[in-house]
Structure formats: structure tokens, C-alpha cells
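A.B. asks: Got a structure for you, questions after.
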Amino acid sequence: MSEKWIPRKVVIVGAGAVGATFAYALALSGVADEIVLLDLDRNLAQGQILDLAHGLPFYPNVQFKVGDASDYANAHIIVITAGARQRPGETRLALLQRNAQIIERLMDEIAAQGSQAVVLMVSNPVDVLTYVAQRRVNWPRGRVIGSGTVLDSSRFRYLLSQHCGVDVHNIHAYILGEHGDSEFAAWSMTHLAGIHFDEYCQVCQGCEDWEAAKQEIVAEVRNSAYHIIDYKGATNFGVGQALLRITSAIIRNEKSVLTVSTLLEGEYGLRDVCLGIPAVVGQGGVELILDAVLPPDEQAALEHSAAVLREAIQHLPLAD
Ligand SMILES: NC(=O)c1ccc[n+]([C@@H]2O[C@H](COP(=O)([O-])OP(=O)(O)OC[C@H]3O[C@@H](n4cnc5c(N)ncnc54)[C@H](O)[C@@H]3O)[C@@H](O)[C@H]2O)c1
């Protein structure tokens, strides 16, 4: 007799711009067998599912449905894109506190279902909310991770490839730290076909002032989300692909190195904070943190990012 078939099930909480775009990217990829959407606004989830389902003849085989909390029980991955929007006059801190409460409630519901899923946090501020989620359930740290700086690293690779005129797939480049204003480029880990960029620049000789170009590229990475939001109100396609990349690494146990947000317990000399660092991602979520030795300027930048995040965490009324 054949063994019981276990569908690869991805539950997406939050059916807004990010959740729906990720669901679409995931359906096109064929990586999941079942895609479940949940939203406080059930009509929105229903509408997105109907719309997605009308493409069924054209995707690799997949099932869609609007879900509820019982779907957490047998999910492989739960991707949280749920978030409250800023109310008129509301401070960023008040919004953060509201979102932290939403995440705590969701994690309680997930834990109550006895879920063995990997939880992937996307809602912003993603590093703080990853910390909130991890602290609420106290699971092995690799099972509660954030999208971290995976999107920022992909923006960095794109901009480097544009600048250098080289295929983006030949560029390995990492943005580390907070997914936000204190993030920084780990130039010590950034290379083109194994050649560090400063050395490549001497081979290429294609730009007049590489040091100025470096600064412009990093500033552009940091400001990308602001620019896109100014143009169209939200970012969704790039992040949708970044989430697909992380989800694929988990579902297919790829052991991919991705700069996800994860709880540090002494790595890089830091603890009790979640931020984006290179980690091996497989079926268990984060399976190994690559605890590299950074040059002093990058180590200082990482510590600064950690300080910024700790400051935000301090303002949250987290239960002990
Ligand atoms: N980490 C990243 O790289 C990254 C990139 C882009 C956006 N984001 C973040 O992703 C989040 C979602 O962005 P968006 O543009 O899709 O926002 P959105 O407002 O379009 O969607 C959010 C959805 O969450 C739902 N929601 C709120 N509370 C809920 C709850 N308790 N349970 C279920 N659903 C709930 C809302 O009804 C809404 O449909 C935001 O926090 C945004 O800042 C993160």
C-alpha cells in the first residue's frame, strides 16, 4: 500500500498586496500543492482566491482555498503578511504596538493548533515582529524567521549588476542588519564570480569613481521601498519573489544561504535580537547561522542595527 500523501501546504496570513502577490508567485512556481489565504477581511481573501483560482488551468497543479485557524495544524509554512495600516495621527510606535499585539494573537492561534510549521514573518517592522513572534511561542529559534534583508540583498545584486553590466546571477551580495534604515552592505562578503568588487573594479575600469558609486548603490538599496511606495503606494513584486525564494528553500530543503532575520544567541557577539544575517535555510527553517568574522566597520554597523532594533523592542509591553 502506498504511504499517505502529505500535500505541501503554505498558509498565507494577510491577503493584501504582499500576500496576494506571493500567492500568485507561489502558484506559478509549482513549489506548493495547497495555498491557503486568511485575512481579517474575509471578502478580500475570498476575492483573491477566486481570482487566483481562475488561472488554475495554466499553473502547475495546485489547490487554493480561503482558510481559518485550523489550517495552521498541518501547514508546512505559515507566512505572515498581516498588518494594521497607520491611522491618521497615529505614531509609528503606536502602530508598532498594535501590530505586535496582532502577531502575538496570531502566534497564540498557531501554537494552539499544535502546528509544526516554519513561521515566516513578513509584516513590518519585520525584525521586531520576528522577535515578538519567537518570544511568544519560544520554539526552536530556526522555526520562527523573518524575511530579513533577503529583498534588500536582491535589490543590491540587481543594482550591482546594472552598474557593472554583468549577469545578476554571477553576483553574490549581502545587505545585513535591520530591514530598514540602519541596514548596511557587507562588502567583505560581496563578490562577482568569486572576485571581490574592489578587485573587479580594477579589471573592469568601467566607472570613473567606484567609491562614490558604492555609496550611491547602497543609498539606492536603502531608499528603494520609499521610492516604490511614493510611486504606487506599496511594494509587492520584489518581496513576492523574495518570499518565494525563502519558501522554496524550506519546502525543498535546499540549504540555501539567505539573509533571513533570526534570533541571535551570541553569534556576531549579539544576543536577544532578530536581524538579517546569512543563514543556511532548509526544511527546519534556519538550520545554521553563518557566524562570520566581519571587518570592524561592518561589525560596528551590525551592532548599530542591533541597538536600533533593541530600542524599538524596549517600547513593547511584552509579557515575560
Ligand atoms: N519584509 C519585507 O521585505 C516587506 C516588504 C513589503 C511589505 N512588507 C510588509 O508586509 C505587510 C503587508 O503589506 P501589504 O502591502 O500587503 O499590506 P495590506 O494592507 O495590503 O495587507 C495587509 C492585510 O492584513 C490584513 N490583516 C490585518 N490584521 C489581520 C489579522 N489579525 N489577521 C489576518 N489578516 C489581517 C488586512 O486586512 C490586510 O488585508 C506590511 O507590514 C508591510 O510593511 C514587508
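A.B. asks: Against the definition (in contact (Cβ under 8 Å) with a residue 12 or more places away in the chain, over 18 Å from the mean Cα position of the chain (by Cα) and within 10 Å of the ligand (Cβ to nearest atom)), how does ARG85 come out, yes or no?
C.D. replies: For ARG85, the condition - in contact (Cβ under 8 Å) with a residue 12 or more places away in the chain, over 18 Å from the mean Cα position of the chain (by Cα) and within 10 Å of the ligand (Cβ to nearest atom) - is not met.
A.B. asks: So, one more: I'm told THR91 meets every condition in (1) β-branched (Val, Ile, Thr); (2) free of Cβ contacts under 8 Å to residues at least 24 places away in the same chain; (3) within 15 Å of the ligand (Cβ to nearest atom) except one. Can you identify the failing condition by its number?
C.D. replies: Among (1) β-branched (Val, Ile, Thr); (2) free of Cβ contacts under 8 Å to residues at least 24 places away in the same chain; (3) within 15 Å of the ligand (Cβ to nearest atom), THR91 violates only (3).
A.B. asks: How many of the residues making up region 113-138 are touching a strand residue (DSSP E or B) at 6+ places or on another chain (Cβ under 8 Å) and either more than 16 Å from the ligand (Cβ to nearest atom) or not in a helix (DSSP H, G or I) (or both)?
C.D. replies: Here the count works out to 9.
A.B. asks: Only one residue in GLU208, GLU199 is away from the ligand (no atom under 16 Å from the Cβ), within 18 Å of ARG157 (Cα to Cα), without any contact (Cβ under 8 Å) to a residue 12 or more places away in the chain and among the charged types (D, E, K, R), so which one is that?
C.D. replies: Numbers: GLU208 fails: within 18 Å of ARG157 (Cα to Cα).
Answer to the check: GLU199.
A.B. asks: Could I ask something else about it? Considering each of SER161, SER154 in turn, give the residue that is in a helix (DSSP H, G or I), of a type in the set (Ser, Thr, Tyr) and more than 16 Å from the ligand (Cβ to nearest atom).
C.D. replies: SER161
A.B. asks: I'd like to verify a number: residues in region 262-294 that are touching a helix residue (DSSP H, G or I) at 6+ places or on another chain (Cβ under 8 Å), under 22 Å from LYS9 (Cα atoms) and assigned to a strand (DSSP E or B), how many?
C.D. replies: Looking only at that region, the number is 5.
A.B. asks: Now a separate question. Identify, please: which residue in region 1-45 is polar (S, T, N, Q) and over 26 Å from ILE102 (Cα atoms) and is, among those, modelled with the lowest pLDDT?
C.D. replies: SER2
Okay, residues lined up against (1) under 17 Å from the mean Cα position of the chain (by Cα); (2) surrounded by fewer than 18 Cβ atoms within 10 Å (Cβ to Cβ):
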{"site": "TYR174", "(1), (2)": "yes, no"}
{"site": "PHE184", "(1), (2)": "yes, no"}
{"site": "THR190", "(1), (2)": "no, no"}
{"site": "ASP198", "(1), (2)": "no, yes"}
{"site": "VAL203", "(1), (2)": "no, yes"}
{"site": "GLN215", "(1), (2)": "no, yes"}
{"site": "VAL221", "(1), (2)": "yes, no"}
{"site": "ALA225", "(1), (2)": "yes, no"}
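A.B. asks: Whether any residue in region 91-98 is touching a helix residue (DSSP H, G or I) at 6+ places or on another chain (Cβ under 8 Å) and crowded, with 24+ Cβ neighbours inside 10 Å is what I want to check.
C.D. replies: No, every residue in region 91-98 fails to be touching a helix residue (DSSP H, G or I) at 6+ places or on another chain (Cβ under 8 Å) and crowded, with 24+ Cβ neighbours inside 10 Å.
A.B. asks: Which of the numbered conditions does PHE237 fail, given that it passes all the others? Conditions: (1) modelled with pLDDT of 95 or more; (2) more than 30 Å from GLN283 (Cβ to Cβ); (3) surrounded by fewer than 16 Cβ atoms within 10 Å (Cβ to Cβ).
C.D. replies: Of everything listed in (1) modelled with pLDDT of 95 or more; (2) more than 30 Å from GLN283 (Cβ to Cβ); (3) surrounded by fewer than 16 Cβ atoms within 10 Å (Cβ to Cβ), PHE237 misses just condition (2).
A.B. asks: While we're looking at this one, here's another question. Which of the residues belonging to region 220-257 are among the hydroxyl-bearing types (Ser, Thr, Tyr), within 13 Å of the ligand (Cβ to nearest atom) and assigned to a helix (DSSP H, G or I)?
C.D. replies: Matches in region 220-257: SER224, TYR226.
A.B. asks: Residues of region 166-194 being under 21 Å from ALA225 (Cβ atoms), of a type outside the set (D, E, K, R) and part of a loop (DSSP other than H, G, I, E, B), which ones?
C.D. replies: Correct list: ALA173, TYR174, HIS179, GLY180, SER182, ALA186, THR190.
The values are calculated or read from the model by the stated rules, or taken from the named source; none is laboratory data. Everything numeric in this text was worked out from a predicted model, so none of it was measured. Here Cβ is always computed from backbone atoms with ideal geometry, including for glycine, and neighbour counts include all displayed protein chains.
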